[in-house]
Amino acid sequence: MLRQISVAFLLIGCTTLSILASGQGQTAASWKMTSSPLQTRWAKDVSPSNTLPEYPRPQMVRANWENLNGLWQYAITSAGTQAPPASFDGQILVPFPLESALSGVKKTLQPDQRLWYKRTFDKPAAKGKDRVLLHFGAVDFDATVYLNGKKLGNHTGGYTGFQFDITDQLKDKNNELVLSVLDPTDAGDNPHGKQVLHPQNILYTGTSGIWQTVWLETVPAVYIDGLKMTPQVDQQQLDLRVNTAGTGNGYTVEAIASSNGTVIGSVKGKANAALRLPVPNARLWSPNEPFLYNLTVKLLYNNKVVDTVGSYFGMRKIEIKKDEHGQDRIFLNGKYTYNLGVLDQGFWPDGLYTAPTDEALKFDVLAIKSMGFNTIRKHVKVEPSRWYYHCDKEGILVWQDMVTCANNTADARKNFEKENIATVEHCFNHPSIVCWVLFNEGWARYDQQRLTEAMKQMDPSRIINGHTGENYDRESPKDASEKWKSSDLTDVHEYPGPGISPALPGKARVLGEWGGVQVKTPNHQWNEADGWGYISIPASAFARKYGFMNKHLKIYEEEGLSGSIYTEPFDVETEENGLISYDREVIKIPVGQLRQIHSTFVPPTSDVAAAFIVKDIDTTNPDNRYTALLTEYNNGKKDGPFLQELAQMALRVNDKPNAVKIANDYIGQMKAPLTRSQMSFVNKFTTNSRDKGFTLLLDNRDQINQTLGKRQADVKLMTIIYGEEIQPYVQNTAATPDWNKIEAKTKQYGAPGEEIFLRAKTIHFLNLKDWNNFAATADQYVGKCAPYISANELNTYAWTVFENISDPTHLSNAATWCQHMLKADNNPAYIDTYANVLYKAGKKDDAIATEEKAVELAPASDKKTYQDILDKMKKGEKTWK
């Protein structure tokens, strides 16, 4: 009998190797996890000598590898710096992203900065013509790699892996590996999912740089470079392609499938060609029985084995079919299977995109399955291969989102399509993945039918969801038959819901997102001051509410709904919509009760996992303690965490006088630099210029604006200044304010005072229809504050001048405003405004050229309007009333 190489054996053996490698030449003396509002139980298991040691590629396992995770040096320079810095800033724990607490750094990489990494390693053991490969699991976003001073190459794309053959650049000892990274996060054309520079609401902290395992692998001169596996249940075979790298004649491949040590099928043939591996009487993979076959693939030269990889596969079939009532449904292995799922974001409080340990990564899968779900929609993030391995092994269906297109530019679309191809290739072999999700809620949607069909061509074996939450798309086609063209599903989102998507021939109906119920978990929140949900209810009422919502969902299932995705399994930063807290410690409905509720859709597919250890939420109202805690406060208790909690509690019970007093006591204790939580607290509790937070906001404006985003400090200050110094004098259009006196008062507040003064004066004259004073004041305002004025507001100002003023100077100024506007948003409506202003200012040729752009970019519903304006311009006719 042929000797079988066990995937499990390879994984265990390679784990040992990786631990030895990751600690080589490194010291842990100076590393420690930085502070974090929350951390998971697994953070304590992380150390430089034990950093994600598991073999990173479970479906193509080799024994000869080394893990380069651990301590590296890092530096941050300006983006224009091309050469590695002479000195580095400190150490970073790879592969945790720069912004994470587990990295030991916890800094935000700005779009105008470059991140550098450096480490050394010795040449791995190799013989003869062996090659050494350097693998990066994922680096976000633009990575350039150097070895011993020579550039190896560049890779863009933050979610999938890349590799270099480094054999010819290696020395025996002290090879210097340097990595340079640019990452604009949400300020560029790169797919970035939910990552932003200024996290809030549904958007979270960014991930920059290395965030998956880095490793070395020794291979022969010609080696197995990739596998492509497609189960064909009806044909009782696995379609297989074994790709090789390197050149040479006389090479063949052999693939052997086995179960419990018994060979069940094999095939021999050419590399880089289609093979059919027989799998007779296959045991089918499903959430109820996630059966996996072992697969050994060998590369032979003149019938001698030169390379071997261990893998696995599952046999399953996913399709849309009609049930006995004629409803189009999702069928798994020939049986209608309701896809009862959750929207999993894949964020961690301590590691952000990177789970602290492999056990943590596995925990999330086990938790979701233990709660009685059978499906995960992985939301605008692509996970490391080991996450999909756990889904394959534990048995859960996966809907895999594409990472959203960043914007509507040509570069963004090019990056999006490139990443889509890479995502499908990265995930293709995992039997758990049953659905690709292309667009979400209209975010930068374009060419939907073409891209849906392209994805179906890439992978005809899976369901394609061309547009989830199509009802949120503001530019949605009016004809329902056009909304999900070429897609296998119709899909809407309803918050809190539930709801049901329309019935269209040949398409199953799913509810792509619903739920979003906030239940607070005191002492397990990322930032209590900013916590939110689509609706909010107390812990004591959640189980009843959730059960009631699911009864409605069951009615929709009986009407034809085939799947639903609940938002969400875990809280994420300030989004407190999870069934479990962000630190994975508290479950908001007892697990037994959840399983009972869900069993009306799908019977539990497994027992509650032994590793799924959480505590039930305390359903008593924490505010019941308010009177006792207030007494402690009045008796002199004044420590910071106590005051922070008590002020929030006072606000909830509507004791506003004490809320202000307690908040001022807490704010009075704060010292720069402020934490993000402190900034949010100050912003929330500062309501007038007499509050202690007002001075703190003024003194720390730049830091708070940068950290909280959306100029939150300036907005709060200007709101207060307007209410106290301006609003009393501009109560109505009949008012005749003394603007010189108001300006003198607002000047004391610096830039925020000057900005709100100019804006208030501009809007006052606009409301008065005093066009000349409006235009003159607006020009002052835009001249000083253009970067802070929304494109829509600039458009309003420019259009007002166009419609009401003929003065060439004011029209020329309005054209300048339009240029600022178009830098922010190339909206065809804004282009049309610019064209009209130019035309009225006498710049006919420029106006016609600009209006032609508006016509080109306009949606179908607006094209005729813009074309009519263009025709008038060409004829020399007035375009204004």
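What follows draws every value from the coordinates through simple rules; no lab data is involved. The structure displayed is predicted, hence computed values, not measured ones. FYI the Cβ positions are ideal-geometry reconstructions off the backbone, even for glycines, and counts take in every protein chain you see.
Return the subset of Lys381/Lys418; Lys823/Lys874; Lys843/Lys872; Lys840/Lys878; Lys335/Lys378; Lys656/Lys692 for which the Cα-Cα distance in this structure is over 18 Å, preserving the input order.
Listed pairs above 18 Å: Lys823/Lys874; Lys335/Lys378.
In what sequence, highest mean first, do 667-675, 640-648, 334-342, 91-99 appear when ranked by Cβ atoms within 10 angstrom?
91-99, 334-342, 640-648, 667-675
Using 7 Å Cα-to-Cβ label points, what is the Asn249/Lys878 separation (nm, one decimal)?
8.4 nm
Per DSSP H run of n ≥ 4, the term is -39500 (n - 2.57); total these for the chain, divide by its residue number, and report the mean residue ellipticity at 222 nm rounded to 500 deg cm²/dmol.
One gets -10500 deg cm²/dmol as the mean residue ellipticity at 222 nm.
Rounded if a/c is under 1.5, else prolate if a/b beats b/c, else oblate: with a ≥ b ≥ c from the C-alpha gyration tensor eigenvalues square-rooted, which is segment 282-408?
Oblate, since a/c reaches 1.5 and b/c is not below a/b.
Which Cα, out of Thr423, Gly515, Thr574, lies furthest along the positive dipole direction of segment 318-616 (beta carbon charges, K/R +1, D/E -1)?
In segment 318-616, that residue is Gly515.
Quick check on segment 652-809: what does the Kirkwood estimate of hydrodynamic radius come out to from the alpha carbon pairs, in Å? Write down the numbers at each step before the final one.
Working: mean 1/r = 0.0578 Å⁻¹.
For segment 652-809, inverting the mean 1/r across all distinct Cα pairs yields 17.3 Å.
Restricting things to alpha carbons, find the Rg to Rh ratio for segment 318-616 using the Kirkwood radius for Rh.
Computed over Cα atoms, the ratio is 0.94.
List the trypsin sites (Lys or Arg not before Pro) within segment 694-786 that fall in a DSSP loop (any state other than H, G, I, E or B) and whose Cβ has at most 12 other Cβ atoms within 10 Å.
Loop-located and lightly packed - Lys710, Lys769.
Classify segment 223-313 from the C-alpha gyration tensor, please: rounded if a/c falls under 1.5, else prolate or oblate depending on whether a/b exceeds b/c. Mind dumping the intermediate values first?
Working: a/c = 2.20, a/b = 2.00, b/c = 1.10.
Judged from the Cα gyration tensor, segment 223-313 comes out prolate (a/c at least 1.5, a/b above b/c).
Work out how much length Asn624 to Arg652 would gain on full extension: take 0.36 nm times their residue separation and subtract the Cα-Cα distance, in nm to one decimal.
Result for the pair: 9.0 nm of gain on full extension.
So if each residue of separation counts as 0.36 nm, and I subtract the Cα-Cα distance between Lys747 and Glu359, what length gain in nm does that give?
134.0 nm
Assuming R0 = 45 Å, can you tell me the calculated FRET efficiency for the pair Ile202 and Glu632, based on Cβ-Cβ distance, to the nearest 0.05? Intermediate results must be reported in sequence, preceding the final value.
Values: r = 37 Å, r/R0 = 0.82.
Between Ile202 and Glu632 the formula returns 0.75.
Quick check on segment 419-503: take the gyration tensor over C-alpha atoms, sort the square-rooted eigenvalues as a ≥ b ≥ c, and tell me if it's rounded (a/c under 1.5), prolate or oblate.
Values: a/c = 1.93, a/b = 1.56, b/c = 1.24.
Prolate is the answer for segment 419-503, as a/c is 1.5 or above and a/b outweighs b/c.
Grab every C-alpha pair in segment 7-217, bin the distances at 5 angstrom width from 0 up to the longest one, and report whole percents.
1, 7, 15, 19, 21, 17, 11, 6, 2, 0, 0, 0
Can you give the FRET efficiency to the nearest 0.05 for Lys32 and Asn408, using r as the Cβ-Cβ distance and R₀ = 41 Å?
Once rounded, the FRET efficiency stands at 0.40.
Let me know the charge dipole size of segment 223-313 about its Cα centre in debye, to the nearest 20, where only the beta-carbon of Lys, Arg (+1) and Asp, Glu (-1) is charged.
In debye, rounded to 20, segment 223-313 gives about 220.
If you restrict to DSSP beta bridges whose two residues both lie in the chain, what percentage is antiparallel, to the nearest 5?
DSSP beta bridges in the chain are roughly 70 percent antiparallel.
State, to one decimal in nm, how far the label point of Glu558 lies from the label point of Asn740, with both points 7 Å from Cα in the Cβ direction.
Modelled inter-label distance: 7.7 nm.
Just rank His379, His820, His155, fewest to most, by other beta-carbon atoms within 10 angstrom.
Ascending Cβ contact count within 10 Å gives the list His820, His155, His379.
On a full-extension model of 0.36 nm per residue, what is the gain between Lys844 and Thr77, subtracting their alpha-carbon distance, rounded to one decimal in nm?
271.5 nm
How high is the FRET efficiency from Arg544 to Phe291, r the C-beta distance, R0 45 Å, rounded to 0.05?
Efficiency, from the Cβ-Cβ distance: 0.70.
How large is the Kirkwood hydrodynamic radius of segment 644-731, counting all unique pairs of alpha carbons, in Å?
On the way: mean 1/r = 0.0747 Å⁻¹.
Taking every pair of different Cα atoms in segment 644-731, averaging 1/r and inverting gives 13.4 Å.
Net charge around Asp665, counting only other residues with Cβ within less than 12 Å of its Cβ (Lys, Arg = +1; Asp, Glu = -1)?
Taking every Cβ under 12 Å from that of Asp665, the sum is +2.
For the pairs Lys129/Lys317; Lys414/Lys716; Lys638/Lys684, note any where the Cα-Cα span goes beyond 31 Å.
Pairs exceeding 31 Å: Lys129/Lys317; Lys414/Lys716.
Once you wrap a convex hull around the alpha carbon atoms of the chain, what is its projected area averaged over all directions, in nm²?
41.8 nm²
In nm, to one decimal, how far is the modelled label at Lys270 from the one at Gln731, with both set 7 Å along Cα→Cβ?
Rounded to a tenth, the inter-label distance reads 8.9 nm.
Let me have the relative contact order for the chain, percent, based on Cα pairs under 8 Å that are six or more residues apart.
So the answer I get is 8 percent.
In the neighborhood of Arg759, defined by Cβ-to-Cβ distances under 14 Å, what is the net charge if each Lys or Arg adds +1 and each Asp or Glu adds -1?
-4
Please identify every one of the GluC sites (Glu not before Pro) in segment 828-881 that sits in a loop by DSSP and has no more than 11 other beta carbons within 10 Å of its own beta carbon.
Glu877
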